[in-house]
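Below is one structure, written out as structure tokens; comments come after it.
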Amino acid sequence: MTELLANDLSQIRRALHQIPELALQEFQTHDFLLNEVRHFNQEFLTIHEIPALPTGLLVRVDGSAPKRTLGYRADIDALPVEEETGLEFKSQHKHTMHACGHDLHMTVALGILNHFAEHQPVDNIVFFFQPAEESENGGKLAFEQGVFTDEWNLDEIYALHDTPDYVAGNLACRPGVLFAGTTEVDIKLIGKSGHAGFPHEANDMVVAASNLVVQLQTIVSRNVDPTEGGVFTIGQLQAGHIRNVIAGEAELHGTVRGFSQDMIMLIRKRINEICKGIELAFDCQVEVKMRQGGYLPVVNNPSTTDRFINFMQQNYPDTFQISKPAMTGEDFGYLLSKIPGTMFWLGVGDTSQLHSSTFNPDEKALEPAVRKITAFLEHRMKEEN
Ligand SMILES: [Zn+2]
Ligand SMILES: [Zn+2]
């Protein structure tokens, strides 16, 4: 097999787009990837399955004179979204969609991998097709299984995320924090239900929850340093069943975002304190659960990122930009906390936001992405240190 052309990349992407699967259930996707890789030149390849993470896949290309092992990660999971693009190659899986563009991430990785299968790299390079980015912390699970040990030990790691913020095929990056860290928050209020006409004999959790939401909004407006920024969004609030019964329980689900772990810990502390206050004020019980750690901020390593940015600015000055940090979360933050490396953006043109049911990235992004990232990796392999 020779180099994958733009048309081949688009065929691969469309095939993957039709079989989206949720975190840790990516079996069909895994089999598709494996089948593609088996059709590449096998001379320098080693394929490694991960028994404890059966939908994950590692492929190593042995270098001709390796000084180091580079890593390239592509996330493979999709989202519980009903696709509304109307595309002829739209999702065939009910209520599941590649609405975050991980189908493009996998395609770009296959394009780069195929190049190195055909043209033996100087350094070793390991491709990690990672399950469970959207939830379940796939990167952390893999690391904790010890998959990056011995000959799979990575000296550096790279990954991209697509975005409608840039022209298709353009790349963007920044030193330091690229993505926020996150914590998922679940809050349950327990009072006493009763007849709508006898409020004094019940304990209304609609009233308590309404107060709680308003008070929680003061964390970001009054406790967070405005020059640093932070987010606490309650995206889901449920209470009651019918108009004439006082709700005895309420549930709130939200997410915290911040550019440093300190900021996240400050917001978490204030959530706990405000919930204690609501318990006293409304004589109810408040249970707070926060997913320990959540996603760590994605912090780009200074030296790998300087190299990446310099290379892109010198070679592709018209299609590379320095980006702003984003309040989205990415579980690549965990791997970057263990392995030096760089995450960057790939523009996919003007379309709906990531995670939306009409997200329709421009496939013109695929070929330039493969070409530019491959060029960077080859350049990196020529460097001594
Ligand atoms: Zn996503
Ligand atoms: Zn994503």
(request) Collect the residues in the stretch 188-247 that are farther than 30 Å from D262 by Cα, of a type in the set (V, I, T) and either touching a His at 6+ places or on another chain (Cβ under 6 Å) or not in a loop (DSSP other than H, G, I, E, B) (or both), keeping them in residue-number order. (result) I190, V206, V207, V245, I246
(message) Against the conditions (1) of a type in the set (G, A, S); (2) open to solvent by 50 Å² or more (accessible area, probe 1.4 Å); (3) touching a residue at least 60 places away in the same chain (Cβ under 8 Å), where does S260 fall short? Just the number, please.
(response) (2)
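Matching residues to (1) open to solvent by less than 10 Å² (accessible area, probe 1.4 Å); (2) away from ligand 2 (no atom under 16 Å from the Cβ); (3) farther than 29 Å from F320 by Cα; (4) in contact with a helix residue (DSSP H, G or I) (Cβ under 7 Å, 6 or more places away or on another chain):
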{"position": "Q130", "(1), (2), (3), (4)": "yes, no, no, yes"}
{"position": "G138", "(1), (2), (3), (4)": "yes, no, yes, no"}
{"position": "W152", "(1), (2), (3), (4)": "no, yes, yes, no"}
{"position": "N170", "(1), (2), (3), (4)": "no, yes, no, no"}
{"position": "V177", "(1), (2), (3), (4)": "no, yes, no, no"}
{"position": "D186", "(1), (2), (3), (4)": "no, yes, yes, no"}
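If a residue must be farther than 16 Å from Q261 by Cβ, among the polar types (S, T, N, Q) and crowded, with 17+ Cβ neighbours inside 10 Å, how many such residues does the stretch 285-313 contain? Give the derivation first.
Just the residues of the stretch 285-313 that are farther than 16 Å from Q261 by Cβ, to begin with: 285-289, 301-313.
Imposing the further condition that a residue be among the polar types (S, T, N, Q) reduces the set to 285, 301, 303-305, 310, 313.
The next check asks that each one be crowded, with 17+ Cβ neighbours inside 10 Å; those that pass are 301, 304-305.
Qualifying residue count for the region: 3.
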(request) Please enumerate the residues belonging to the stretch 352-364 that are crowded, with 17+ Cβ neighbours inside 10 Å and part of a loop (DSSP other than H, G, I, E, B). (result) L354, S356, F359, N360, P361, D362
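Would you confirm, using the coordinates I've provided, whether E151 is outside any helix (DSSP H, G or I), among the acidic types (D, E) and farther than 23 Å from A6 by Cα? Outline the logic, then answer.
On the way: outside any helix (DSSP H, G or I): no; among the acidic types (D, E): yes; farther than 23 Å from A6 by Cα: yes.
No.
The rows are residues; the columns are (1) open to solvent by 70 Å² or more (accessible area, probe 1.4 Å); (2) farther than 20 Å from F148 by Cβ; (3) in a helix (DSSP H, G or I).
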| residue | (1), (2), (3) |
| --- | --- |
| I19 | no, yes, no |
| H30 | no, no, yes |
| L33 | no, no, yes |
| Q42 | yes, yes, no |
| V59 | no, no, no |
| G63 | no, no, no |
| L70 | no, no, no |
(message) For the stretch 328-351: of the residues being within 16 Å of ligand 2 (Cβ to nearest atom) and either part of a loop (DSSP other than H, G, I, E, B) or among the basic types (K, R) (or both), which is nearest to H105 (Cα to Cα)?
(response) V348
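Taking the conditions exactly as written (away from ligand 2 (no atom under 16 Å from the Cβ), in a loop (DSSP other than H, G, I, E, B) and not basic (K, R)), does P317 satisfy them or not? Break it down into steps so the answer makes sense when it comes.
On the way: away from ligand 2 (no atom under 16 Å from the Cβ): yes; in a loop (DSSP other than H, G, I, E, B): yes; not basic (K, R): yes.
Yes; evaluated as a whole, the condition is true for this residue.
Quick grid of which residues meet (1) within 16 Å of ligand 1 (Cβ to nearest atom); (2) without any contact (Cβ under 8 Å) to a residue 12 or more places away in the chain:
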residue	(1), (2)
G71	no, no
L79	yes, no
E88	no, yes
H105	yes, no
H115	no, no
V126	no, no
E144	no, yes
(message) So P199 passes all but one of these: (1) more than 16 Å from ligand 2 (Cβ to nearest atom); (2) buried (at least 17 other Cβ atoms within 10 Å of the Cβ). Which condition number does it fail?
(response) (2)
(request) Please specify each residue of the stretch 314-336 satisfying the condition of being over 23 Å from the mean Cα position of the chain (by Cα) and either hydrophobic (A, V, I, L, M, F, W, C) or surrounded by 13 or more Cβ atoms within 10 Å (Cβ to Cβ) (or both). (result) N315, Y316, T319
(request) Being open to solvent by 50 Å² or more (accessible area, probe 1.4 Å) and over 18 Å from V177 (Cβ atoms) is the filter here, so list the residues in the stretch 212-240 that pass it. (result) V214, Q215, Q217, T218, S221, R222, N223, T233, G235, Q236, L237, Q238
(message) Pairs please, first residue from the stretch 129-141 and under 23 Å from E36 (Cβ atoms), second anywhere and assigned to a strand (DSSP E or B) and away from ligand 1 (no atom under 14 Å from the Cβ), Cβ atoms under 7 Å, 6+ apart in sequence or on different chains.
(response) F129/L57; Q130/R73
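The values are calculated or read from the model by the stated rules, or taken from the named source; none is laboratory data. The structure presented is a predicted model; accordingly, all values stated were derived computationally and were not measured. So basically every Cβ, Gly included, is an ideal-geometry build from the backbone, and we count neighbours across all protein chains shown. Note: areas computed on protein heavy atoms with side chains; ligands, DNA, RNA excluded. Shrake-Rupley method; radii C 1.70, N 1.55, O 1.52, S 1.80 Å.
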